[in-house]
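Below: the structure, in structure tokens.
The values are calculated or read from the model by the stated rules, or taken from the named source; none is laboratory data. Values in this document were obtained by computation on a predicted structure and should not be read as measured data. Cβ coordinates were reconstructed from backbone atoms using ideal geometry, including for glycine residues, and neighbour counts include every protein chain displayed. Accessible surface areas use protein heavy atoms only, side chains included; no ligands, DNA or RNA. Shrake-Rupley method; radii C 1.70, N 1.55, O 1.52, S 1.80 Å.
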Amino acid sequence: MVTKVGDDMFADDTIKNLAGFGIDATHVGRVKGRSSGVATIMVEPSGENCILIVKGANADLSPDDVERAAEDLRTCDLILLQLEAPLETVYAAIAFGKRHGVKTLLNPAPATPELDPEKIRDASFLVPNETELAILTGMPVGTQDEIAAAARSLMAKGIGAVIVTMGSRGALLATPTQIRRIAPIPVTPVDTTGAGDAFVGSFARYFAAGFGVEAALDKAVRYAADSVTRRGAQKAYATEAEFAAFCASLATTPA
């Protein structure tokens, strides 16, 4: 993990949490006088959510931090990025991946129209949700055809592969050679908080493990579906054994 935390109690909790999951926090820096990044989550009775993000020390992550972590980053199978860090740092990480032959995935969240398509065109994957896709393109995304057209507009600017998460409608993969819809897994949502992160994280995990793009996407749709059946964000994410049981239950459920 390459990031920044503040000098508050959230910083200690964040680092302890990373360590608890076996995540290397060598490149997690502390910023004096800064609060750590936090998110306040509000959940509707339907399970949909709204999130207020305070970037805090995340805003201090710089291109120099990418270079300081270069030795470790060069060994990665995939560099996973999002937009709670400064844009110039995101651009630097994508350029780093291109230079060193490391694939990169950008989840453009929280989305901003200031994101420069020219500077993210070397990302291996761009993974927005419908709302983020609309912000990035200025195009309608109400139907699957509109989503596909908006995704194509990003590819026309040089981005090679766009994966759009569509909530209860599954996901859509757009490449220069195909548009493919990944069917949703029907579940009764309790709390959709973190579903996008569940999708992106599980896709990254399976892709880095050697799964093909479409096979990793099939896993990601299932993992995200399972996550919304429980309350919370990280605490709603299944272990590998729990996820295997969920997938097995799908195989035995009548159509």
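Of the solvent-accessible surface of region 72-120, computed with a 1.4 Å probe over protein heavy atoms with every protein chain present, carbon and sulfur atoms account for 48 percent.
Counting Lys and Arg as +1 and Asp and Glu as -1, what is the net charge of the other residues whose Cβ lies under 12 Å from the Cβ of I182? If you can, show how the numbers build up before the last one.
Values: positive: R169, R180, R181, K219, R222; negative: E214, D218.
Once positives and negatives cancel, what remains is +3.
Applying 1/(1 + (r/R0)^6) with R0 = 30 Å to the Cβ-Cβ distance of L52 and A215 gives a FRET efficiency near 0.25. What does the charge count near M42 come to, summing +1 for each Lys or Arg and -1 for each Asp or Glu among other residues with Cβ under 12 Å from its Cβ? Cβ neighbours under 12 Å give a net charge of -3. Other residues lying with their Cβ under 13 Å from the Cβ of Y206 contribute a combined charge of -1, Lys and Arg counting +1, Asp and Glu -1.
Only helical runs count toward this figure. For the chain, summing -39,500 (n - 2.57) over DSSP H runs of n ≥ 4 and dividing by all residues gives -12000 deg cm²/dmol at 222 nm.
Applying 1/(1 + (r/R0)^6) with R0 = 25 Å to the Cβ-Cβ distance of E114 and A156, what FRET efficiency is obtained, to the nearest 0.05? All intermediate terms of the calculation are to be shown ahead of the outcome.
Working: r = 19 Å, r/R0 = 0.78.
Using R0 = 25 Å, I get an efficiency of 0.80.
In the assembled protein chains, D77 presents an accessible area of approximately 100 Å² (probe radius 1.4 Å).
Which loop-located trypsin sites (Lys or Arg not before Pro) does region 1-69 contain, where loop means any DSSP state but H, G, I, E or B and the Cβ has at most 13 other Cβ atoms within 10 Å?
Listed in order of number, the matching sites are K32.
Expressed as a whole percent, the accessible surface of region 188-255 that belongs to carbon and sulfur atoms is 59, based on a 1.4 Å probe.
Fully extending the segment from A39 to A241, taken as 0.36 nm per residue of separation minus the present Cα-Cα distance, adds 69.9 nm.
Per residue, the chain exposes an accessible area of 51 Å² to a 1.4 Å probe, with every protein chain left in place. Each of E67 and D13 was given a label point 7 Å from its Cα along the Cα-to-Cβ line. The distance between the two points is 3.5 nm.
Taking the Cα centre of region 113-255 as the origin, how large is its charge dipole in debye, to the nearest 20, when only Lys and Arg (+1) and Asp and Glu (-1) carry charge on their Cβ atoms?
Working: 13 positive and 15 negative charges, 45 e Å.
I would put it at about 220 debye.
Relative to the Cα centre, what is the charge dipole magnitude of the chain, using +1 at the beta carbon of each Lys and Arg, -1 at the beta carbon of each Asp and Glu, and rounding to the nearest 20 debye? Working shown, then result.
Details: 24 positive and 31 negative charges, 81 e Å.
Dipole size: approximately 380 debye.
Considered as an equivalent ellipsoid built on the Cα gyration tensor, region 124-241 has semi-axes of 24, 16, 11 Å, the largest given first.
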